[in-house]
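Input: a single structure, listed below in structure tokens.
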Amino acid sequence: MEKNRCGEPIECDVLVIGAGGAGMRAAIEASRRGAKVAIADKRTVGFGGATVTGLYTACAALGHTDPEDNWEIHFDDTLKGGYYVNHHGLARLFAQKAPEAMAELDSFGADFERRGDKFDLRGAPGHSYRRSLFSDCATGRAMIKGLIKEFKKHKGIWALEYTLALELVLDSGRACGAICLDLVSGKLLRCLARAVIIATGGATELYPETTAPSTLTGDGYAMAYKAGAELRDMEFVQFFPVGLVHPRGFGINPTIGAMMRYRTGGRLLNRFGEAFMPKYDPVRGDMALRDVLAYGITREIMEGRGTPRGAVYLDLTGPGPGALRKEYGSYLDIVKAGGIDVTKEPIEVRPMAHHFMGGIAINDKCETSLPGLYAAGEAASGLHGANRLAGNALSEIIVFGAAAGAEAANFAQMSPQPKKGASSDEERLWLSKLDYLLSGGDGGSPVETRKELQNVMKTFAGPIRDGAGLAQALNLMPRIEGATAELRTSSKSPIFNMEATEALEMENLSLMAKIVLQAALIREERRGAHFRTDFSGPDPSWKKNIYVLKGSSGPLFERRRVIEN
Amino acid sequence: MPEERITIKVQRYDPGRHEEPRMEAYSVEKKERMTLLEALLNIKETLEPGLSFIHACKYDNSCKLCLASISGKVDYLCMVEAKDGIEVRPLPGRDVLRDLVVRPKKDYGYKG
């Protein structure tokens with residue numbers, strides 16, 4: 001074994017892969033319960049994922065602003081928003097636990113906005129009462145700040161930054177760690193654990209325009225799938241309806257339009273100045289849920305009523321400069337310095353890939369179908385059903401992060417230590433693979449191949465899909481898979497070889513693209529974010545979830561009834 | 001209308017190949033209010049796939065990972081407009097691993 005190409009193996013009780021909101025909260029919880037925890041992230045703890053970019057809403061039925069609110073209503077709202085294919089146990093746990101989870105996060109140092117000694121809770125579409133916590137115009141940053149403060153108290157947690165998890169290690173059918181790549185040295189790292197938690201976020205990088213970081217390449221989905229764990233709901237991709245197109249700014253969050261229209265109102269207009277949303281949602285109009293908005297805006301653009309930039313207008317000027325200044329304060333100056341004066345002109349927006357409702361199938365203990373493997377946050381599936389409500393993501397990561405941490409720690413305590421150096425075959429295979437990647441030559445560029453895949457997904461698997469298009473996209477996949485298999489880096493050095501990691505991410509993306517396309521083709525109805533023009537819906541016979549399992553010659557798909565107990 | 005192109009100079013260093021870092025010039029198509037991060041990603045896509053720099057959040061400067069020395073001043077790649085003649089180097093005073101990537105400061109420390 002090439003000693004100088006492998007780092008010293010790490011042993012711990014609980015290995016967490018992904019250090020965003022869910023991963024950090026899981027690590028903290030497992031550590032609290034006495035587990036020795038290692039947490040790996042391909043960037044840094046707290047800052048490489050989507051959590052820190054979350055702009056505004058984090059929902060929990062605390063009842064501080066509307067005393068009539070309670071967890072049962074939040075549960076009902078979540079199911080209704082998800083078009084009733086949510087996992088009921090997950091939705092119940094989430095609604096019940098969110099208030100205490102978020103209050104605790106506040107005490108860690110997140111410092112959500114208050115009115116007196118109660119939280120200042122705001123409304124968000126789909127929520128029957130005002131239950132959204134927030135912190136100025138940067139809720140995600142505030143949450144990460146609180147998590148880091150608490151995380152730092154647990155000095156025993158090993159933080160493996162710039163460490164890319166490659167493959168789960170299995171021992172007698174149980175997940176017992178991962179083989180990782182230390183980006184700095186280019187060495188392989190074997191991490192052995194008694195339980196593993198995947199909290200790697202989604203796969204929005206399947207699309208060319210996203211609101212989310214470039215790191216979300218579906219690594220956790222791919223790893224779990226390859227190790228034999230089931231995925232679920234992969235056809236349900238949320239497109240953030242009002243992603244910022246123009247004016248382009250510096251340091252401006254692309255979801256700014258939604259935050260502002262929730263707080264101070266906004267009107268969606270097509271190129272003719274028509275308010276078009278009542279056509280698509282006569283009841284909610286501009287306050288329609290994200291799936292209906294994404295559909296309506298996409299239709300307007302597709303049918304020639306979009307702006308010359310291929311977008312629609314979002315006019316936020318209504319309340320007037322005084323009222324806007326009162327609500328947003330100096331944030332308006334930050335936005336103006338970045339190049340946008342929302343008090344004067346409408347912005348242009350269109351749907352952008354934002355969130356995966358689907359992911360690794362979990363139960364209400366965050367257990368996956370693979371013993372020893374847990375999942376939390378966007379990497380997991382079931383809570384949101386066919387469409388996620390605004391505000392449910394930032395709070396669910398805390399609930400399920402904590403739940404996964406607790407369950408994994410318990411499991412670890414009851415489990416034997418995995419056999420040390422169970423197999424060096426896996427490492428040999430990865431070293432060969434890295435050798436090939438780093439062998440130089442005209443392999444083509446991972447970034448270019450990613451763009452090609454993104455264009456296929458945008459064209460055929462965006463907010464509006466049909467069977468012919470999905471089938472056509474699947475026919476284009478062998479070419480992309482072939483190009484991916486031939487990727488080689490222009491540099492032969494393993495030291496911080498980003499091109500190598502981009503090639504590895506490309507493998508994960510192309511695997512996930514096929515699964516998303518096939519699941520979308522199988523679900524022959526329209527429901528939530530999955531809008532099939534060739535079928536109507538929702539269809540009662542489709543009140544099911546599609547599970548995905550690795551078969552001997554590709555993914556196997558199975559319809560199962562929605563879990564309602 | 002002919003597209004406008006700008007020239008961006010970037011410090012390159014491949015630990016396997018180069019003794020010393022050196023500046024390379026790249027020509028990119030100028031887009032309206034293009035950030036330097038976008039320009040570098042464009043270079044990766046069209047000219048030089050091996051160009052290495054750390055990024056994540058893309059837009060709102062929340063990840064804080066894309067710091068560099070930009071025409072002599074330390075700033076974030078995502079916060080600076082890509083203009084003709086701009087020069088990008090890694091953060092000064094740090095161990096350069098490759099191109100614009102400097103050895104990360106381990107906040108928590110890898111134990112082992």
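Listed conditions (1) modelled with pLDDT under 95; (2) of a type in the set (Asp, Glu); (3) crowded, with 19+ Cβ neighbours inside 10 Å are all met by A:GLU150, apart from (1). Within the set A:GLY243, A:GLY228, A:GLY177, A:GLY251, the sole residue that is assigned to a strand (DSSP E or B), over 12 Å from the mean Cα position of the chain (by Cα), at positive phi and not aromatic (Phe, Trp, Tyr) turns out to be A:GLY177. Taking (1) assigned to a helix (DSSP H, G or I); (2) away from chain B (no Cβ under 14 Å) in turn, A:PHE151 satisfies each apart from (2).
Residues that are more than 16 Å from A:PHE236 (Cα to Cα) and either not in a strand (DSSP E or B) or not aromatic (Phe, Trp, Tyr) (or both): does the range A:517-534 have at least one?
Here is the first cut: in the range A:517-534, the residues more than 16 Å from A:PHE236 (Cα to Cα) are A:534.
Checking which are either not in a strand (DSSP E or B) or not aromatic (Phe, Trp, Tyr) (or both) leaves us with A:534.
Within the range A:517-534, one or more residues are more than 16 Å from A:PHE236 (Cα to Cα) and either not in a strand (DSSP E or B) or not aromatic (Phe, Trp, Tyr) (or both).
Counting the residues of the range B:24-54 that are farther than 27 Å from A:GLY257 by Cα, of a type in the set (S, T, N, Q) and crowded, with 22+ Cβ neighbours inside 10 Å gives 1.
Of all residues in the range B:38-51, those that are touching a strand residue (DSSP E or B) at 6+ places or on another chain (Cβ under 8 Å), within 20 Å of A:PHE250 (Cβ to Cβ) and of a type in the set (A, V, I, L, M) total 3. Where residues in the range A:521-548 are crowded, with 24+ Cβ neighbours inside 10 Å and among the charged types (D, E, K, R), which of them is farthest from A:LEU383 (Cα to Cα)? Restricting to residues being crowded, with 24+ Cβ neighbours inside 10 Å and among the charged types (D, E, K, R), the top hit is A:ARG523.
Take the residues in the range A:132-145 that are touching a Ser or Thr at 6+ places or on another chain (Cβ under 8 Å), assigned to a helix (DSSP H, G or I) and of a type outside the set (A, V, I, L, M, F, W, C); name whichever of them is farthest from the other protein chains (Cβ to nearest Cβ). The residue in question is A:THR139. Comparison of A:ALA124, A:ALA165 shows that the only residue that is away from chain B (no Cβ under 14 Å), small (Gly, Ala, Ser) and either assigned to a loop (DSSP other than H, G, I, E, B) or in contact with a Gly (Cβ under 7 Å, 6 or more places away or on another chain) (or both) is A:ALA124.
Would you confirm whether any residue within the range A:365-388 is closer than 14 Å to A:LEU90 by Cβ, out of contact with any strand residue (DSSP E or B) (no Cβ under 7 Å at 6 or more places or on another chain) and of a type in the set (A, V, I, L, M)? For the range A:365-388, residues closer than 14 Å to A:LEU90 by Cβ, out of contact with any strand residue (DSSP E or B) (no Cβ under 7 Å at 6 or more places or on another chain) and of a type in the set (A, V, I, L, M): present. Scanning the range A:23-68 for residues that are away from every other protein chain (no Cβ under 14 Å), among the charged types (D, E, K, R) and crowded, with 22+ Cβ neighbours inside 10 Å yields A:ARG25, A:GLU29.
I'd like to check something: does the range A:511-520 contain any residue that is within 14 Å of chain B (Cβ to nearest Cβ), in contact (Cβ under 8 Å) with a residue 60 or more places away in the chain and buried (at least 23 other Cβ atoms within 10 Å of the Cβ)?
no
Residues that are within 21 Å of B:TYR13 (Cβ to Cβ), more than 10 Å from the chain's Cα centre (by Cα) and either at pLDDT 95 or above or polar (S, T, N, Q) (or both) do not occur anywhere in the range B:47-64.
Which residues, taken from the range A:436-469, are away from chain B (no Cβ under 14 Å) and β-branched (Val, Ile, Thr)? Quick ask: steps written out before the conclusion?
Step one: list which residues in the range A:436-469 are away from chain B (no Cβ under 14 Å), which gives A:436, A:456-469.
Those that are away from chain B (no Cβ under 14 Å) and β-branched (Val, Ile, Thr): A:VAL456, A:THR459, A:ILE464.
Which one of A:ALA159, A:ALA98 is in a helix (DSSP H, G or I), closer than 20 Å to A:ALA402 by Cβ and touching a Phe, Trp or Tyr at 6+ places or on another chain (Cβ under 9 Å)? Quick ask: steps written out before the conclusion?
Numbers: A:ALA159 fails: in a helix (DSSP H, G or I).
Of the residues listed, the single one that is in a helix (DSSP H, G or I), closer than 20 Å to A:ALA402 by Cβ and touching a Phe, Trp or Tyr at 6+ places or on another chain (Cβ under 9 Å) is A:ALA98.
Residue count for the range B:82-93 satisfying the condition of being buried (at least 18 other Cβ atoms within 10 Å of the Cβ) and either in a loop (DSSP other than H, G, I, E, B) or within 14 Å of another protein chain (Cβ to nearest Cβ) (or both): 2. If only residues of the range A:262-277 that are buried (at least 20 other Cβ atoms within 10 Å of the Cβ) and among the aliphatic types (A, V, I, L, M) are counted, the one that is nearest to A:ARG122 (Cα to Cα) is A:LEU268.
Inspect all residues belonging to the range A:471-492 and state whether any of them is closer than 22 Å to A:HIS354 by Cβ and in contact (Cβ under 8 Å) with a residue 40 or more places away in the chain. Yes, there is a match, as at least one residue in the range A:471-492 is closer than 22 Å to A:HIS354 by Cβ and in contact (Cβ under 8 Å) with a residue 40 or more places away in the chain. Pairing residues of the range A:260-283 that are part of a loop (DSSP other than H, G, I, E, B) with residues that are buried (at least 20 other Cβ atoms within 10 Å of the Cβ) and of a type in the set (Gly, Ala, Ser), at Cβ distances under 7 Å and at least 6 apart in sequence or on separate chains, gives A:GLY266/A:GLY257; A:ASN270/A:GLY306; A:ARG271/A:GLY306; A:PHE276/A:GLY296; A:ASP281/A:ALA288. Restricted to the range A:407-493, the set of helices (runs of 4 or more DSSP H) holding at least 1 residues that are farther than 30 Å from A:LYS36 by Cβ and more than 30 Å from the chain's Cα centre (by Cα) comprises A:425-437. Among the residues of the range B:1-49, those identified as out of contact with any helix residue (DSSP H, G or I) (no Cβ under 6 Å at 6 or more places or on another chain), away from chain A (no Cβ under 11 Å) and without any contact (Cβ under 8 Å) to a residue 40 or more places away in the chain are B:MET1, B:PRO2, B:GLU3, B:GLU4, B:ARG5, B:GLU19, B:GLU20, B:ARG22, B:GLU24, B:ALA25, B:SER27, B:GLU29. Every listed requirement among (1) under 26 Å from the mean Cα position of the chain (by Cα); (2) of a type in the set (A, V, I, L, M); (3) within 13 Å of A:VAL349 (Cα to Cα) is met by A:LEU316 save one, (1). When B:CYS57, B:CYS78, B:CYS63 are checked against the criterion of being at the interface with another protein chain (Cβ under 7 Å from one of its Cβ atoms) and either touching a Pro at 6+ places or on another chain (Cβ under 6 Å) or surrounded by fewer than 17 Cβ atoms within 10 Å (Cβ to Cβ) (or both), a single residue qualifies: B:CYS57.
The values are calculated or read from the model by the stated rules, or taken from the named source; none is laboratory data. Just so it is clear, the structure is predicted and the values come from calculations on it, not from any experiment. Using ideal geometry, Cβ is built from the backbone for each residue, glycine included, and neighbour counts are taken over all protein chains shown.
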